[in-house]
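The values are calculated or read from the model by the stated rules, or taken from the named source; none is laboratory data. Everything numeric in this text was worked out from a predicted model, so none of it was measured. Virtual Cβ from ideal backbone geometry, glycine too; neighbours counted across all protein chains shown. Surface accessibility is based on the protein's heavy atoms, side chains included, excluding ligands, DNA and RNA. Shrake-Rupley method; radii C 1.70, N 1.55, O 1.52, S 1.80 Å.
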Amino acid sequence: MSEFIKIYPENPNPKEIKKVVQVLKKGGLVIYPTDTVYGLGCDITNTKALEKIARIKGIKLDKANWSFICADLSNLSDYVRQIDTPTFKILKRALPGPYTFILPGNNKLPKEFKKKKTVGIRVPDNSIAKAIVEALGNPIVSTSIRDDDEVLEYTTDPELIFEKWQNLVDIVIDGGYGDNTASTVIDLSEGEPVVIREGKGPIDIF
């Protein structure tokens, strides 16, 4: 049975954040708020947790295109090849914000993602997500809980999210109502920005 935890975005309670981090470190799954839709996440370094998310999503782990949720751009060099100045300027301008950037992966990627040439990087403008990743000390691997044929409230109302997911995850965080628009996905792996999916983040800044 999972736990339902209220965390206020204005001032995330360190005690509650610590509880979430302990669950992540033990290989638990967490549903948490971002600046777009609620996300389902786990510790990027925990193979069992990654496999659990893949099972829930009904996909093979090596085929998964999940985002790496980072607290800021300082984690980038852990997973992304050296990027040029124009690319870095784009990232600085857009993040933190409702964007996922596809960037060329490097050879330090966790073994589950070794075959991937690119990775999706997110730095959400959400104090709860940021606090969790900072306290954890490395990114969360994340996927959206939204399905296209889903009743909207089940992806935006934390109590309904808990009702639906309580037998699949360890913690559902209530960080207030979520958004129902996903992040804008921009491919920067070849240098020039290519819009893959238009979502919440405006594309006129590119």
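Within the stretch 186-202, can one find any residue that is closer than 27 Å to Ile17 by Cα and among the hydroxyl-bearing types (Ser, Thr, Tyr)? Within the stretch 186-202, none of the residues are closer than 27 Å to Ile17 by Cα and among the hydroxyl-bearing types (Ser, Thr, Tyr).
Can you spot a residue in the stretch 82-92 that is modelled with pLDDT of 95 or more, among the aliphatic types (A, V, I, L, M) and within 27 Å of Tyr154 (Cα to Cα)? No; the residues of the stretch 82-92 include none that is modelled with pLDDT of 95 or more, among the aliphatic types (A, V, I, L, M) and within 27 Å of Tyr154 (Cα to Cα).
Which of the strands (runs of 3 or more DSSP E) contained wholly in the stretch 65-147 include at least 1 residues that are of a type in the set (D, E, K, R) and surrounded by 23 or more Cβ atoms within 10 Å (Cβ to Cβ)?
Here the list reads 118-122.
Scanning the stretch 58-84 for residues that are of a type outside the set (S, T, N, Q) and within 15 Å of the chain's Cα centre (by Cα) yields Ala64, Trp66, Phe68, Ile69, Cys70, Ala71, Asp72, Leu73, Leu76, Tyr79.
For (1) touching a strand residue (DSSP E or B) at 6+ places or on another chain (Cβ under 8 Å); (2) closer than 26 Å to Pro9 by Cα; (3) at pLDDT 95 or above; (4) not charged (D, E, K, R), each residue gets a yes or a no:
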| residue | (1), (2), (3), (4) |
| --- | --- |
| Ser127 | no, yes, yes, yes |
| Ile140 | yes, yes, yes, yes |
| Ile145 | yes, yes, no, yes |
| Glu153 | no, yes, no, no |
| Asp170 | yes, yes, yes, no |
| Ala182 | yes, yes, no, yes |
| Gly191 | no, no, no, yes |
| Ile196 | yes, no, yes, yes |
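Residues in the stretch 159-206 that are part of a helix (DSSP H, G or I), open to solvent by 20 Å² or more (accessible area, probe 1.4 Å), over 16 Å from Val123 (Cβ atoms) and touching a helix residue (DSSP H, G or I) at 6+ places or on another chain (Cβ under 9 Å): Leu160, Glu163, Lys164. Pairs meeting the criteria (first residue in the stretch 83-98 and within 17 Å of Ile203 (Cβ to Cβ), second residue surrounded by 18 or more Cβ atoms within 10 Å (Cβ to Cβ) and charged (D, E, K, R), beta carbons under 7 Å, at least 6 apart or on different chains) are Gly97/Asp35; Pro98/Asp35. Just one residue in the set Glu10, Glu51 is free of Cβ contacts under 8 Å to residues at least 40 places away in the same chain, open to solvent by 10 Å² or more (accessible area, probe 1.4 Å) and not basic (Lys, Arg); that residue is Glu51.
Regarding Ile59, is this residue under 15 Å from Trp165 (Cβ atoms) and either of a type outside the set (Lys, Arg) or part of a helix (DSSP H, G or I) (or both)? Here the answer is no, as Ile59 does not meet what is asked. For the stretch 39-48, filtered to residues that are outside any helix (DSSP H, G or I) and in contact (Cβ under 8 Å) with a residue 40 or more places away in the chain, the residue that is surrounded by the most Cβ atoms within 10 Å (Cβ to Cβ) is Gly41. Scanning the stretch 22-36 for residues that are open to solvent by 10 Å² or more (accessible area, probe 1.4 Å) and either in contact with a strand residue (DSSP E or B) (Cβ under 8 Å, 6 or more places away or on another chain) or hydrophobic (A, V, I, L, M, F, W, C) (or both) gives Val23, Lys25, Thr34.
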